[in-house]
1. What are the residues in segment 193-204 that are in contact (Cβ under 8 Å) with a residue 40 or more places away in the chain and either in contact with a strand residue (DSSP E or B) (Cβ under 9 Å, 6 or more places away or on another chain) or not assigned by TED's automatic domain parsing to the domain that holds residue 46 (or both), if any?
2. Here's a check for you: in segment 204-217, which residue that is part of a loop (DSSP other than H, G, I, E, B) and surrounded by 20 or more Cβ atoms within 10 Å (Cβ to Cβ) is nearest to the chain's Cα centre (by Cα)?
3. Please find, among 242, 233, 171, 187, the residue that is among the charged types (D, E, K, R), in contact with a strand residue (DSSP E or B) (Cβ under 7 Å, 6 or more places away or on another chain) and modelled with pLDDT under 95.
4. Can you tell which of 63, 71 is surrounded by fewer than 21 Cβ atoms within 10 Å (Cβ to Cβ), over 16 Å from the mean Cα position of the chain (by Cα) and assigned to a loop (DSSP other than H, G, I, E, B)?
5. Would you check which residues across segment 93-127 are farther than 30 Å from residue 67 by Cβ and either surrounded by fewer than 16 Cβ atoms within 10 Å (Cβ to Cβ) or modelled with pLDDT under 90 (or both) and list them?
6. Looking at segment 205-232, I want the residues that are in the same structural domain as residue 182 (by TED's automatic domain parsing) and have a partner that is of a type in the set (D, E, K, R) with Cβ atoms under 6 Å, at least 6 apart or on another chain. Which pairs are those?
7. Could you look through segment 158-196, keep only residues that are of a type in the set (S, T, N, Q) and in a helix (DSSP H, G or I), and pick out the one that is farthest from residue 129 (Cα to Cα)?
8. Determine whether segment 218-240 contains at least one residue that is within 23 Å of residue 92 (Cα to Cα), in contact with a Lys or Arg (Cβ under 9 Å, 6 or more places away or on another chain) and crowded, with 22+ Cβ neighbours inside 10 Å.
Amino acid sequence: MTNAIITVNNVSKSFGGVNANVDIDMQVESGSITGIIGPNGCGKTTLFNSIVGYHPIDNGSIKFEGQEISKLRVGEIARLGMLRTFQQTRIYPKMDCVDNMQISISHRLDSKSSIFASRRGEIRDRAEHLLEFVGLYSKRNLISGDLSFGQQKLLELAMALMNEPKALLLDEPTAGINPTLINGLIDRLRRANEDLGITLCVIEHNMRVIMNLASHIYCLSNGYMLANGKPTDLQNDQRVIDAYLGGH
């Protein structure tokens with residue numbers, strides 16, 4: 001892959017002698033939507049946490065736009081342009097949606113600074129634009145804790161987009177969402193990729209979603225990279241069927 005924005009090479013991570021990731025190789029092409037699948041406990045979230053700096057890797061290399069990032073902290077990696085979302089939403093439930101959006105860029109702009117004050121109107125306009133983008137404009141002044149779980153996930157997506165990431169890692173974005181909202185979320189992820197130019201890497205258990213969303217998929221099993229390829233390749237790979245697809 002000649003245009004990789006994220007490159008993972010020979011990465012391993014263990015916890016208390018338990019191997020969560022073993023010699024993982026993976027590349028995410030710039031501008032793509034890449035999927036990661038595998039059974040529960042196979043090491044998907046650990047891999048995400050390694051990529052964005054939540055814990056140090058035991059060995060290997062992780063590069064973002066060609067720069068080694070495996071020794072960097074979460075905030076340093078975020079400032080380079082790579083963010084992640086979580087299975088459980090991380091919002092500010094006592095604040096309204098617009099305030100959630102504005103506080104989400106606090107690591108980039110000091111809310112007490114003159115720069116923030118001079119751009120307050122611009123920042124609010126951008127917040128409202130992105131809330132409209134994810135379908136929450138009518139909820140913009142509601143307390144975010146009163147939103148449904150699916151709407152909270154849309155808010156978290158908008159908060160991530162507020163930071164103008166180059167790459168966004170999403171950990172099970174459709175988990176816990178009412179099925180009626182899933183198609184809307186898929187559409188907004190595609191638009192974030194196509195219209196905003198954001199590279200997406202998505203952990204997802206909903207096979208219908210990931211097979212229709214991603215152009216390239218990696219499958220993990222027991223901490224190892226089992227297979228990777230186009231969605232149709234994995235659907236017909238007997239190793240993947242035996243390890244994962246056959247049970248769904």
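1. 193, 199, 200, 201, 202, 203, 204
2. That would be 204.
3. Among 242, 233, 171, 187, only 171 is among the charged types (D, E, K, R), in contact with a strand residue (DSSP E or B) (Cβ under 7 Å, 6 or more places away or on another chain) and modelled with pLDDT under 95.
4. 71
5. 93, 94, 95, 112, 114, 117, 118, 120, 121, 124, 125
6. 210/204; 220/44; 226/239; 227/237; 227/239
7. Among them, the one singled out is 180.
8. No, every residue in segment 218-240 fails to be within 23 Å of residue 92 (Cα to Cα), in contact with a Lys or Arg (Cβ under 9 Å, 6 or more places away or on another chain) and crowded, with 22+ Cβ neighbours inside 10 Å.
The values are calculated or read from the model by the stated rules, or taken from the named source; none is laboratory data. Keep in mind that this is a model prediction, so the values were computed, not measured. Please note: Cβ atoms are built from the backbone with ideal geometry, for glycine as well, and neighbour counts cover all protein chains shown.
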